[in-house]
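Just so it is clear, none of the values below were taken in a lab; they were calculated from the coordinates. Quick caveat, the model's predicted, so the values are computed rather than measured. Cβ sites come from the backbone with ideal geometry, for glycine too, and all protein chains shown count toward neighbours.
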4 protein chains.
Amino acid sequence: MGDSVQTAVLGVSGYAGMELARLLLHHPRLNGCAPVFLGRAEAAGDASLTALHPQLMDNNGSASLRIEPFSWDLLKQRAVEVLFLATPHEQSREYAPIALEHGIRVVDLSGAWRLTDAANRAIYRFADDGEPVAVQVQAKAVYGSPELHRDELRTATLIANPGCYATAVILPLKPLIQAAWVDLERGIVSDAKSGVSGAGKAPTAKTHYMYAANNLSAYGVFSHRHTGELLEQLGLERGQIIFTPHLLPIPRGILATTYVTFKEKKSAEDVAALYQSFYADSPMVRLFGAGNLPQIQYSVHTNYCDIGFQLDSDGRRCVVVSCLDNLLKGAAGQAVQNLNLMCGWGETEGLA
Amino acid sequence: MGDSVQTAVLGVSGYAGMELARLLLHHPRLNGCAPVFLGRAEAAGDASLTALHPQLMDNNGSASLRIEPFSWDLLKQRAVEVLFLATPHEQSREYAPIALEHGIRVVDLSGAWRLTDAANRAIYRFADDGEPVAVQVQAKAVYGSPELHRDELRTATLIANPGCYATAVILPLKPLIQAAWVDLERGIVSDAKSGVSGAGKAPTAKTHYMYAANNLSAYGVFSHRHTGELLEQLGLERGQIIFTPHLLPIPRGILATTYVTFKEKKSAEDVAALYQSFYADSPMVRLFGAGNLPQIQYSVHTNYCDIGFQLDSDGRRCVVVSCLDNLLKGAAGQAVQNLNLMCGWGETEGLA
Amino acid sequence: MGDSVQTAVLGVSGYAGMELARLLLHHPRLNGCAPVFLGRAEAAGDASLTALHPQLMDNNGSASLRIEPFSWDLLKQRAVEVLFLATPHEQSREYAPIALEHGIRVVDLSGAWRLTDAANRAIYRFADDGEPVAVQVQAKAVYGSPELHRDELRTATLIANPGCYATAVILPLKPLIQAAWVDLERGIVSDAKSGVSGAGKAPTAKTHYMYAANNLSAYGVFSHRHTGELLEQLGLERGQIIFTPHLLPIPRGILATTYVTFKEKKSAEDVAALYQSFYADSPMVRLFGAGNLPQIQYSVHTNYCDIGFQLDSDGRRCVVVSCLDNLLKGAAGQAVQNLNLMCGWGETEGLA
Amino acid sequence: MGDSVQTAVLGVSGYAGMELARLLLHHPRLNGCAPVFLGRAEAAGDASLTALHPQLMDNNGSASLRIEPFSWDLLKQRAVEVLFLATPHEQSREYAPIALEHGIRVVDLSGAWRLTDAANRAIYRFADDGEPVAVQVQAKAVYGSPELHRDELRTATLIANPGCYATAVILPLKPLIQAAWVDLERGIVSDAKSGVSGAGKAPTAKTHYMYAANNLSAYGVFSHRHTGELLEQLGLERGQIIFTPHLLPIPRGILATTYVTFKEKKSAEDVAALYQSFYADSPMVRLFGAGNLPQIQYSVHTNYCDIGFQLDSDGRRCVVVSCLDNLLKGAAGQAVQNLNLMCGWGETEGLA
């Protein structure tokens, strides 16, 4: 690809879609090449983007930005090269195969193409699971974690952008598990907490201010959809990790407190060195080091995943704390990081 | 009425209904005489009250409390003497007349019967406005502000419990206007702010946590329904007062900042004395006095309306700040205060 | 003791002290026997209680309530029988022995007398640790968890009211550990989250709104003071449990997510039955049962500890969620529950 | 000045200082010309900027950013051309004159040099008020509102950056008052609400989470320091406007609800046209138009001031709502806007 690229976003009405629109509109490589914003034909009408999201208003012509009704003809006409799907997973199952057929590269923000193991996918109840096309498309999908799959992502045609919780739990665990330090017999616990934007824009009983504010609740215990991503990306078996999400009374941000036991005694320096080595070339991971724990406030409105840890005096029990912004590193920001890789650009461009 | 009374509540699913249920369940006069909780026949089924509102759970048998399907037969069978309507105003227009016919006294928490002037009622677009029955019933209704209408409330058969904003604006203004101190030519401004519970329990775009949290917004400028109550209870003409509500990022509580100009110079002592005299027999108004302004945190979870003021050095411009809990003094608490008056009980019983 | 009792509270300026004052002022048994509110001689002056805590204002004479300068003479003069210490632990170490000498029973809300094992106490660095008087007084102290030590509490002269986090973690674990179901080799994880009032009333960098709001942070990992209470009350060794506190952006409430592995497969019914049996006579524990997890909003402003759990399909891994109000069941409410036991009153009196 | 400029910031520990550091670090014109960050000699030590503000961490060398001890020698040595003072007003009174003497241009974020009328300055009790140097320096100061004083700001040597509340109240009123539409006899009311960052970083009783959260309080009634700025910039006399600030339970953002009466009937189109004309060349004002009121959430994290209004059906009473981010358009962002003007750069550079 050349200096710029023609992008399009399908599904800008939600929070991740809005953040994605904001990032793309300010991306230095897309300066002369405005993204096409698309809504489902029946829903979009010919709506104004800033009427939907007044936060995106500026005095540089943003008022003229429109959400256009989706059609494959329109994509062709606009010569779209990369399509972001910020759509429910059912729609992503439908659209991604067609886009690939049209030679359009896809970054899908839903859970549609993240899982290679049918058992892990079962929770989504995909209507087309196991059908030949779906199997072929799944085979092309690369899990969009730049820190784990940077090289494959550069040439991927379909990127399955990771779940927000999954990113927050995989990044702190991957180095420890790959180094075979963790005593998997004793089990890993990851107790994660997310802001309300993770629950989506639809008004529901659980996203009502009166439910979410001044409250904390656990949900999806032993049954959250992101668990499959943890198992596949970390090479774990069900039973080796418990992942428990909680709904925090904040707009955005995830903090995961992860408990592991090492097989052998380690020093804080050992642990810090392992992380530094693993993430040496990953500009979007910030390492806080031993005894210095990240907090949600530091990563919100950034694309960083922050990691810190505390090792017990026995040198075996370790608490790792990781934080990220669920709409950025957990969704739209990571999608742009993947776009950068796809296009051969600097990994952090448009994300500072 | 005797020592106790048989009460019933129609509409316990909302926030005001829940607070009313809580207050009645703990009311000392209703100890041996549990309220009947009712839902619309088609909606209620035979549901558990604590399943709907886990906050009401206790270990004294609350689990057996049921929401029963409403019917007039059931009210008769249970010998209900006072019916609380925590229903939308359309339903209150329908149910109140029938209850009165059955000889049941009514405390209505909706806006159905608060307004005597048809022009003020127009905003509600009541289907039966002007019909003979509605006219007769309206004539019986007493505006349920104990501080303004204590004596009529003792014998009322239909009490129109005031709006939450209306209570917060009327109580600080009534003494000043009745004393004819206020220069109405210059106009009164009441800038009011309310917590999200005032917007109701239905999940909507505006009650979504992501909309309400970390935000403030004005709404209903020149057009809020409670304006008519202000005009009628304060004896003002449209144009003499501007009332502007705002949505605060808190669960409950209202603060109104009200701006008046006195016709003649007054001292802070004058103003304080006027309030003390006016509210001498009103146990549910707390006077903070000159230069000591109430805050929302002090009145939340109580049935008090707090009032304080600051007089400018010119002795004419006065800022009055009033606070209350929109679900208690602004709704369910005031309804119980009215029940107490109706029954000849102490005005604060069950409200400490 | 007779029908009422003369109480006194030393230290009403903090949040727990304020809640304690509120509870005692409304306690039905103390109606004719107002508590004495005390401040340190040098600090108290002769201050008004409602000037310090406007929340405590009412129209029944609360304005006359005073905080009097502490002295043993005053306690004697007022014939104080039960003294609540809502003081820093250093002061409680000093005052409790003297009170006992004067024949005054003590409920201490600090960490001064909770721990019998010197190793666990080390974190407090008590100046008098190991001295004869301190040893004797410690021997008299009963850990103030009614659910675990109800009988000893009835006759105790010194009650060490438990830590807020400790209560939230001990109550869900005690039945499982006492039944010897838990595989302690695999370790217990308790990931706890508390509202800001738990951090005290002193303005600090961490209690600043800008730090606490929209944020979440872990702290005290492997080093929180309440850990010793967990070990002693649950009969665990250091290393068998990891307890991690977090600071939640809410005013009050604790939720603890506790992870255990059973030695043998259990059914959800087994677990529910164990809890029901253990807490059959404990009116301040609410059991939510299998798959029904409590949330902070349900227990805030109550004295309940709520417990629910989710058992994995393997019947061995179990996530238990417990909630309470850190200022009530976690402090002042439990102190009143202990007062009730001490005085032979109903355990829930004044706590509904 | 040339393509870049050497800047320095004194006082980066507060919220405005932090935002200013962030903006300058990312300003495209300062790419090769990093700002010098300064602390008071006795306080600064040689501290790390990112240790103080972890939010500023990146993976591009931010860790090496230091806060250096302030000295005039250091400023000279680094050839500083523009000095930002994010200091208390007493310090700004001291430092600005010396900087000007050294030929360094100053943007002062405090209230030190905003007021030309001694009566309005009285509230600050400046020790040097009226002394010859102070008088000379004050005469050079330009009030840093680009929308009102754009041309003078281009050549100013001392810019007095406006107060946050003042900006939020002046911008919506200036067009109406300059056009002589407002009936000043009837008085203007501006009821303003600000997030907690406006109260500063020092932990105090009022910035404690437990005080600010779930609360709303009015303060500084008839006595707020920013009132003088309103009078001078709007050409009003004391008594023609009441300005009342309130403390909102949000981190950042101001919303002002301003009430005016027009001398003559106007249409909504008239009002909209007046605003459009007045702000035609002001890229940092967003006009929402008639009946479309801005909310705090739209302007937070931007440098815009948003203005919308609602006109009563009488065409005379008008409610204007304005919003901005108190740390950006209300402080650091406006300071950078002023830097841009000073340097002849595009007014919005580094502020998108």
Practice problem: Tell me the Kirkwood hydrodynamic radius of chain B in angstroms, computed as one over the mean inverse distance between distinct C-alpha pairs. | Solution: 20.8
Exercise. Using the Karplus curve 6.51 cos²θ - 1.76 cosθ + 1.60 with θ = phi - 60°, work out ³J(HN,Hα) for each residue of the stretch D:11-20 in order, rounded to whole Hz, and write x for Gly and Pro.
Key: x, 9, 7, x, 5, 5, x, 5, 5, 5
Quiz item: Charges only on Cβ, +1 for Lys and Arg, -1 for Asp and Glu: so what's the dipole of the stretch D:164-326 about the Cα centre, in debye to the nearest 20?
Solution: 440
Self-check item: For A:VAL142, net neighbour charge (Lys/Arg +1, Asp/Glu -1) across residues whose Cβ lies under 14 Å away
Solution: -1
Practice problem: Shortest first and in nm with one decimal, please list how far the D:ILE123 label point sits from its counterparts in the other copies (point 7 Å along Cα→Cβ). | Solution: 3.4, 4.8, 5.6
Quiz prompt | Neighbouring partner chain Cβ atoms per residue of D:243-255, average, 10 Å criterion | solution = 5
Self-check item: Identity and axial distance of the chain A residue whose Cβ lies nearest the axis relating A to B, Å
Solution: A:PRO203, 2
Exercise. Among D:GLN91, D:GLY17, D:THR258, pick out the residue whose Cα is farthest towards the positive end of the charge dipole of chain D, where Lys and Arg carry +1 and Asp and Glu carry -1 on C-beta, about the Cα centre.
Key: D:THR258
Quiz item: With chain C treated as a Gaussian network of Cα nodes joined by springs under 10 Å, which of C:ARG78, C:ARG150, C:ARG121 yields the largest mean-square fluctuation?
Solution: C:ARG78
Self-check item: Cα-Cα separations in the stretch D:6-80 greater than 15 Å, expressed as whole percent
Solution: 51
Practice problem: Count, for each residue of B:315-326, the Cβ atoms from other chains sitting within 10 Å of its Cβ, then give me the mean as a whole number. | Solution: 2
Practice problem: For the stretch C:224-304, run through the GluC sites (Glu not before Pro) and keep only the ones in DSSP coil with at most 13 other Cβ atoms within 10 Å of their Cβ. | Solution: C:GLU237, C:GLU264
Practice problem: Take chain B, connect every pair of alpha-carbon atoms lying under 10 Å apart with a spring to form a Gaussian network, then pick out the residue of B:ALA141, B:ALA63, B:ALA212 with the largest mean-square fluctuation. | Solution: B:ALA63
Quiz prompt | Other-chain or far-sequence residues with amide H under 5 Å of B:ARG317's (modelled H) | solution = B:PHE262, B:ASP312
Quiz item: What are the distances, in nm and sorted shortest first, from the label point of A:GLU90 to the label points of the same position in each other copy, with each label point placed 7 Å from Cα along the Cα-to-Cβ direction?
Solution: 2.9, 6.5, 6.7
Exercise. Report the dimensions of the stretch A:91-131 along its three principal axes from the alpha-carbon atoms, largest first, rounded to Å.
Key: 30, 20, 16
Quiz item: Measuring from the lowest to the highest alpha carbon on each principal axis, how far does the protein assembly as shown reach, largest first, in angstroms?
Solution: 86, 82, 68
Quiz item: Which distances in nm, rounded to one decimal and ordered from shortest, link the label point of A:ALA352 to the equivalent label points in the other identical copies, with labels set 7 Å from Cα toward Cβ?
Solution: 1.3, 6.6, 6.6
Self-check item: Rounded Å value of the spacing that divides the Cα centres of the stretch C:172-245 and the stretch B:278-352
Solution: 41
Quiz item: Looking at B:SER299, B:ILE170, B:TYR279, which one has the Cα that reaches farthest to the positive end of the dipole of the stretch B:164-326 (charges on Cβ: Lys, Arg +1; Asp, Glu -1)?
Solution: B:SER299
Quiz item: Cα convex hull of the stretch B:209-352: how many Å³ per residue?
Solution: 140
Quiz item: Under 5 Å between amide H atoms, partner at least 5 residues away or on a different chain: which partners does D:VAL106 have, H built in plane at 1.01 Å?
Solution: D:LEU83, D:LEU158, D:ILE159
Quiz item: What ³J(HN,Hα) values, in whole Hz, does the Karplus curve 6.51 cos²θ - 1.76 cosθ + 1.60 give for the stretch B:290-304 when θ = phi - 60°, with x put for Gly and Pro?
Solution: 5, x, 10, 8, x, 10, 4, 4, 6, 9, 5, 6, 10, 9, 7
Practice problem: With +1 on each Lys and Arg Cβ and -1 on each Asp and Glu Cβ, and nothing else charged, work out how big the dipole of the protein assembly as shown is about its Cα centre, in Debye to the nearest 20. | Solution: 0
Self-check item: Nitroxide proxy distance, nm - points 7 Å out along Cα→Cβ at D:GLU264 and A:ARG238
Solution: 7.8
Quiz prompt | Amide hydrogen neighbours beyond the local backbone of C:ILE242, cut-off 5 Å, H modeled | solution = C:ILE188, C:VAL189, C:SER190
Quiz item: What 222 nm value per residue comes from the helices of chain B, counting each DSSP H run with n ≥ 4 as -39,500 (n - 2.57) and dividing by all residues, nearest 500 deg cm²/dmol?
Solution: -9000 deg cm²/dmol
Exercise. Report, as an integer, the average count of C-beta atoms from other chains found within 10 Å of each Cβ along D:295-302.
Key: 6
Quiz prompt | B:LYS140 paired with C:ALA139, simple spin-label distance in nm, labels 7 Å along Cα-to-beta-carbon | solution = 7.5
Exercise. Kindly put D:CYS33, B:CYS323 in sequence by how many other C-beta atoms sit within 10 Å of each C-beta, fewest to most.
Key: D:CYS33, B:CYS323
Exercise. Please find the FRET efficiency linking A:ASP281 to B:THR204, where r is the Cβ-Cβ separation and R0 is fixed at 56 Å, and quote it to the nearest 0.05.
Key: 0.75
Exercise. May I have the convex hull volume per residue, in Å³, for the Cα set of the stretch C:45-195?
Key: 174
Self-check item: Principal axis dimensions, largest first and in whole angstrom, of the stretch A:156-261 by Cα
Solution: 45, 38, 20
Quiz prompt | Low-density loop positions, trypsin sites (Lys or Arg not before Pro), the stretch B:252-352 - DSSP coil, at most 14 other Cβ in 10 Å | solution = B:LYS263, B:LYS265
Quiz item: What's the lysine pair count for chain D at a Cα cut-off below 17 Å, pairs eight or more apart or interchain?
Solution: 5
